[in-house]
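One structure is given below, encoded as structure tokens.
The numbers here are math on the coordinates, done by the rules we state, and not lab data. Source: prediction; values computed, not measured. Positions of Cβ are backbone-derived with ideal geometry, glycine not excepted, and every protein chain shown enters the neighbour counts.
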Amino acid sequence: MVERFEPRFQGAPWPPGMGALHVYVLPHAGVDHELLGMVRSIGPLMAGYPIDPQYTGSESDAGLLHLTVEMLADAPSSAYDQAARDQLVDALRTGLAGVAPFTTEVGPPIANVAGVVLDVSPRKEVVALTEQVRGVIRDVRGEAALQHSGGAPHISDGYAWASASSDALNGVLRNQLDLRRAPLYVDRVYLLDVTWALDKDTGGWRMSWKVVAEIPLGGTPRQ
């Protein structure tokens, strides 16, 4: 059963409009063509279901598609002054300088309790990246910053604003989608200030973010 998605912070309901710092991997329109093509084809299949798609088919960006690496859950982003943000960015740059870029795969799409997700597999390098990021956060902000559990690595393709049958949607996804897996090239992470707010049209939750820093793996910026 798909149910209305409810973001949480520190184990409690997310205060609407509050921001929290996150480390994300973001697909890139200029690199991950196959992945975005697959997600573009999923959009029409979700029509008629109460799911807010995270990607609407833009040729220039990947919308709100993201792979969550970690949330900094010790305090809202507003409690991080510029010095604290700079310290965190510097530590991430140093801590990820020895992590080599890699390619994994995303898919197939699955309707679950929160909406539609695309599992990431193989997971080994994503899990290693997550543990490296968590180690940096622990060193800079302490264990209290690591209160988030996002489950197995995945990319959310849409968040539900009401209930619907996941069985029916999974049948559509299995039967009508040709491409079910696609590569994701990971050569950087982003530190983002992520906000969740209630959408006035659906009453569901919608995210937005501001980029704090772009941090290359291996210490080498993309050319």
Seminar exercise, completed: Quick numbers on the chain, Rg and Dmax over C-alpha atoms in Å, give 17.2, 52
Exercise. If you plug each phi of the stretch 9-24 into the Karplus form 6.51 cos²θ - 1.76 cosθ + 1.60 with θ = phi - 60°, what whole-Hz ³J(HN,Hα) values come out, in order, with x for Gly and Pro?
Worked result: 9, 6, x, 10, x, 5, x, x, x, 6, x, 9, 6, 9, 10, 10
Exercise. Using alpha carbons only, how many degrees (0 to 90, rounded to 10) separate the axis of helix 33-46 from the longest principal axis of the chain?
Worked result: 50 degrees
Problem set entry | Distant alpha-carbon pairs in the stretch 1-98 (separation over 17 angstrom), percent | 66 percent
For this session: Given the options Ser156, Ser60, Ser121, state which has the largest fluctuation in a GNM of the chain using a 10 Å cut-off (strictly under) for Cα springs.
Result: Ser60
For this session: Within the stretch 172-212, find all residues whose amide N lies under 18 Å from a label point positioned 7 Å from the Cα of Ala162 along Cα-to-beta-carbon.
Result: 198-206
Exercise. Any idea what angle helix 166-176 forms with the longest principal axis of the chain, computed on alpha-carbon atoms, 0 to 90 degrees, nearest 10?
Worked result: 80 degrees
Exercise. Which angle from 0 to 90°, rounded to the nearest 10, does the C-alpha axis of helix 124-141 make with the longest principal axis of the chain?
Worked result: 50 degrees
Exercise. In terms of the Cα gyration tensor, with a ≥ b ≥ c the square roots of its eigenvalues, is the stretch 119-196 rounded because a/c is under 1.5, prolate because a/b exceeds b/c, or oblate?
Worked result: prolate
Exercise. When all alpha-carbon pairs of the stretch 39-83 are counted, what percent fall beyond 14 Å?
Worked result: 65 percent
Problem set entry | For the stretch 32-149: rounded, prolate or oblate by the Cα gyration tensor [a/c cutoff 1.5] | prolate
